[in-house]
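This report refers to the structure that appears directly beneath it.
What follows draws every value from the coordinates through simple rules; no lab data is involved. All of these numbers come straight from a predicted model, not from anything done at the bench. With ideal geometry, Cβ positions are generated from the backbone for all residues, glycine too; neighbour counts draw on all protein chains shown.
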Amino acid sequence: MKLEDLKQRPAGEPMVWLTAMGLALGTVMVACLLWVIFVNGITVFWPKPVYQLELDANSTHRVSAETNVFAGAISMDREITGADDGTREYQFFVGNKDIYGFMYKFVPHADLVESDRTKLTQPTDIMVAERLEYGNAIFYPVSMQLGTNEVLRAETPDFTTKLYALVEECNERRAKYTALEKKDIGRINHAIRKIDIQIKALTADKTTKEVQADAALSAQIDAKEKEKEKWNAEYEILAKQAEEMREEQEKNSLTYRLVTGEEKTLPLGDFVHIYQPNQFGFGDKVGFFVSQFWGFLSENPREANMEGGIFPAIFGTFVMTVLMSIAVMPFGVLAAIYLREYAKDGLFVRGVRIAVNNLAGVPSIVFGAFGVGFFIYMAGGTIDRLFFPDYVASKVPYFGTGGILWASLTLALMTVPVVVVSTEEALAAVPRAVREGALACGASKWQTIQRVVLPASAPGLLTGLILAMARGAGEVAPLMLVGVVKLAPELPIDSVAPFIHLDYKFMHLGFHIYDVGFQSPDSEAAKPMVFATTFLLILLVVVMNLAAILIRNHLKKKYSTSAF
Amino acid sequence: MTTLMSEPETQETSKPQPAGQTAAESTEDKAVNDSETLIDVKDNFGFNYGSTQVLFDLNLRIPNRKVTALIGPSGCGKSTLLRCFNRMNDLIDGISHTGDITIGGQSIFDPALEIISLRKKVGMVFQKYNPFPKTIYENVVFSLRVSGRNNKALLDETVERSLRRSALWDEVKDRLHESALGLSGGQMQRLCIARAIANEPEVILMDEPCSALDPIATGKIEELIDELKTDYTIVIVTHNMQQATRVSDRTAFFYLGKLIEYGETTKLFTNPQEKRTEDYVSGRFG
């Protein structure tokens, strides 16, 4: 044999490279996507330094008509669109929307005065405040009014310590009255709503009944009205407490001056958090980052979802996905067992298989429409008619409207094919020898499936669940039709009996992204929220999948069929 | 081995005791008489997968409490016949048969017979050890659990008795509640035997039980078969001629779905009556 023959390459080597490239391309795309979302989503919470800068006298990019000075944090530094000479511009977050009317301002580098162009000035005592309304403010404090007559000037040595302590006090009080309004007043509202519906139903009855029945009905209505009054009295007491606390929030106030000269006085209760970012060391920055991130995770949204946290959306997404899993697993697994183990192969079974596989390709909005028609109007309407006649009579739908139950069931329906297909595969993968072993022991077919086949295919079943969750948790379109709302006043699980409210509308991360990103008036301000929410949605899906994968690995270890 | 054999087996009293059982093994080849017969394949038994006939005109009697080996080249139908005895072939669509098989005088094709009760009477050990993905304990008591016997004392007693009987007890008694899949191949096969005898069957069918095992594990299984035949009727399919001579009392040679020769093992191997048997056992084909 000649040496040249030995050197010959094996056939098909370029194909190996092609396959590797395919994988590499896919990996790079996914990695880029995740990186962009991660970086943009996470940097939102990192404190940025605030600069005080001056514009050239003839600049057209003034923040205030009065002066060339302005203050802000850099949110972007980019090449000016359409400029070929590489001139750049900053995007400044200037805040103070209540005074300026905008929160972001583009300023070309060239418009800054000479000294600021080379080194941006960071005044150490400038303050940034997160407020309940109008977003952040950037300012210098002037004075604090304590009560009606005491005034504390900003030059006083312990001014900032005092200010922070008072803001903290306000936060605690706010947490208290929010809890009061949410829990106790919520419970009363619940009861009153129920009575209202009963009264409405009785009144509707009255108009249709004969005259002699009227007296009895009126008595019933009166009794209900009395009950309602009792609740109302209780409500008044609690509402007064809450009102007192709210008034307390207004007692002290802060006067501050913007760098552009405007002054404003706000009650301390309107501030959430005041800080001086230019004085932050690294440790402070980390602490700030953690508290901001935690606030985002655990708080309710404010100002039309543009500020505050997204807790209700995270919770809603989670509860919906869990409910969906609970609905889809038994349904899909049972269907797959019949299809794989019992059904005789024939035209019908083949038809069912094709239908199931095609179902996986149906656009999700179709499922949404089906959910409205079937679940809400048919199933929900029937439940209302049969079990909640009061609601029907008062024309308030109970289950006959979008809610977390119907949303979960709609998604369950959508993900059934995924579960059926993967369960079938898992069942098929259980070795024939194991089934025969069970049958030879005198087990019936069902006992074989239940005691041997299902445990052995449990990891495969969980793979189906993981795929279903991944598809279900990220779905938005059908949810918009069956129960997702922009802002849900109450969580689907709370401390008011019966604790799990399947009829409640709910918030969802996917819909939240759509709402904040594309329905909000200020797209610039929405951008960081969108990134952060997207990041959390991905995180939530990953966490839920990881949990399922951990369970699957545990099961795999337990049922690993290493013998085969 | 001898110690185990001398142990009295009280459970056996309920079993039918054919009169001829006490007769010592004869060196003379003779037919299995009526009283010795446990499994009777009769009336020219034939078996089809769909339109393909795989067994033709079989008539053979398998004696009680003996080891009967079924040998023959691949595809000769010996496994099919074995799987007829516990109707394992029912899993396959489109099967049919002619003739009859009786076990203890009862036709196994009787429509009134519950297939589950048949399988409780006729245990099976497979070619590839197939323990369930459960603990050793649960593997052994599986047949009791599926018949609804969940009494803890009974289960414990069954586990110990079956594992002792299959010579596995000493090796696994400290890890009964660990996964059966952690055992070695030979141990798993002995566990499968323990599982088969937990139900106190009359017959144990073995479908090439040693083909996936190394020589040492094979030796242990063969020893075990020898011990088990005092209490059970064993039918074993094997490709290994030496194994057939070592473990079996009677041997049936199949070729292309037909029974060519059936008789006492020593006779069949040393003095075959048929040319094809001689060719096969001497290794000239197959």
Over all alpha-carbon pairs of chain B, lay out the pair-distance distribution in 10 Å bins, whole %, shortest bin first. 6, 29, 36, 23, 6, 0
Using Cα positions and a limit of under 15 Å, work out the aspartates and glutamates in reach of A:Lys395, with same-chain residues fewer than 8 apart set aside. A:Asp196, A:Asp205, A:Asp384
Taking the mean number of other Cβ atoms within 10 Å as a proxy for protection, how do you rank A:324-331, A:218-225 from highest to lowest? A:324-331, A:218-225
Pair A:Thr121, A:Ile74: separation of 7 Å Cα→Cβ label points (nm): 1.7
Taking 0.36 nm per residue of sequence separation and subtracting the Cα-Cα distance, how much length would be gained by fully extending the chain between A:Gln450 and A:Val542, in nm to one decimal? 30.0 nm
For A:His109 and A:Ala477, compute 0.36 nm times the residue count separating them, minus their Cα-Cα distance, and round to one decimal in nm. 128.2 nm
Per-residue Cβ counts within 10 Å, from other chains only, averaged over B:135-145: what number is that? 2
Kirkwood hydrodynamic radius of the stretch A:151-308, Cα pairs, Å: 20.2
For A:Gln145, what is the net charge nearby, where nearby means another residue's Cβ is under 12 Å from its Cβ and Lys, Arg count +1, Asp, Glu -1? 0
Burial ranking of peptide ranges B:105-113, B:252-260 (average Cβ count within 10 Å, highest at the top): B:252-260, B:105-113
May I ask you to derive the FRET efficiency for A:Leu297 and A:Lys162 from their Cβ-Cβ distance with R0 = 30 Å, giving the value to the nearest 0.05? 0.50
In the structure shown, of A:Lys240/A:Lys264; A:Lys97/A:Lys182; A:Lys445/A:Lys556, the pairs separated by more than 27 angstrom at the C-alpha atoms are A:Lys240/A:Lys264; A:Lys97/A:Lys182
Cα centroid separation - the stretch A:345-367 against the stretch B:165-221, whole Å: 45
With +1 at each Lys and Arg Cβ and -1 at each Asp and Glu Cβ, the charge dipole magnitude of the protein assembly as shown around its Cα centre, to the nearest 20 debye, comes out at 2020
Projecting the Cα atoms of A:Gly402, B:Gly75, B:Asn130 onto the charge dipole of the protein assembly as shown, where Lys and Arg contribute +1 and Asp and Glu -1 at Cβ, the residue farthest towards the positive end is B:Gly75
Can you compute the modelled spin-label distance between A:Lys176 and B:Glu223, with each label point 7 Å from Cα toward Cβ, in nm? 8.2
For the stretch A:271-325, what does the alpha-carbon gyration tensor say about shape, rounded, prolate or oblate, given a ≥ b ≥ c as the root eigenvalues, a/c under 1.5 as rounded, and a/b over b/c as prolate? oblate
Once you've got the Cα coordinates, tell me which of B:Lys128/B:Lys220; A:Lys48/A:Lys105; A:Lys183/A:Lys224; A:Lys176/A:Lys251 are over 19 Å apart. A:Lys183/A:Lys224
Expected sort for A:His512, B:His239, A:His109 with the fewest Cβ neighbours (10 Å cutoff) up front is A:His109, B:His239, A:His512
So, relative contact order of chain B in percent, Cα under 8 Å, 6 or more apart, is 25
Determine, at each q value in 0.23 (inverse angstroms), the log₁₀ of I(q)/I(0) that the Debye formula gives when each Cα of the stretch A:133-230 is one equal point scatterer. -1.16
Debye-sum result for the stretch A:294-344 in log10 I(q)/I(0), which assumes one identical scatterer on each alpha carbon, at q = 0.20, 0.24 Å⁻¹: -0.71, -0.83
Take the alpha-carbon centre of the stretch A:251-292, take the same for the stretch A:419-489, and report the distance between them in whole Å. 52
Based on the alpha-carbon gyration tensor of the stretch A:341-442, what equivalent-ellipsoid semi-axes (square roots of 5 times the eigenvalues) come out, in whole Å, largest first? 39, 18, 12
How high is the relative contact order of the stretch A:476-538? Use alpha-carbon pairs under 8 Å, at least six apart in sequence, and give a whole percent. 29
A:Lys395 versus A:Ala233, label points 7 Å from Cα toward the beta carbon: distance in nm? 3.3
R0 of 22 Å, Cβ-Cβ distance B:Thr230-B:Glu278: FRET efficiency to nearest 0.05: 0.10
Calculate the dipole size of the stretch A:419-564 relative to its Cα centre from +1 charges on Lys and Arg beta carbons and -1 charges on Asp and Glu beta carbons; express the result in debye to the nearest 20. 880
Cα-derived Rg to Rh of the stretch A:1-97, Kirkwood definition: 1.39
Let a ≥ b ≥ c be the square roots of the eigenvalues of the Cα gyration tensor of the stretch A:407-563; is it rounded (a/c under 1.5), or, if not, prolate (a/b larger than b/c) or oblate? prolate
Can you sort B:Lys275, B:Lys267 from fewest to most other Cβ atoms within 10 Å of each residue's own Cβ? B:Lys275, B:Lys267
Can you give the extra length, in nm with one decimal, that the chain gains between A:Arg88 and A:Gln8 once fully stretched, where that is 0.36 nm per residue apart less the Cα-Cα distance? 23.2 nm
Value of relative contact order over the stretch A:77-199, rounded to a whole percent, pairs C-alpha under 8 Å and six or more apart: 13
With a Förster distance of 45 angstrom and the Cβ-Cβ distance between A:Lys557 and B:Asp43, calculated FRET efficiency to the nearest 0.05 equals 0.30
Convex hull (Cα only) mean projected area of the stretch B:37-169, reported in nm² to one decimal: 9.8
What does the structure give for B:123-129 when I average, per residue, the other chain Cβ atoms found within 10 Å of the residue Cβ? 4
Does chain A classify as rounded, prolate or oblate by the C-alpha gyration tensor (a ≥ b ≥ c root eigenvalues; a/c under 1.5 gives rounded; else a/b over b/c gives prolate, otherwise oblate)? oblate
Sorted by Cβ neighbour density within 10 Å, fewest at the top, the residues B:Ser147, A:Ser115: A:Ser115, B:Ser147
Set of lysines near B:Lys42 by C-alpha distance (under 22 Å), chain-local residues within fewer than 8 positions excluded: B:Lys30, B:Lys66, B:Lys78, B:Lys121, B:Lys258
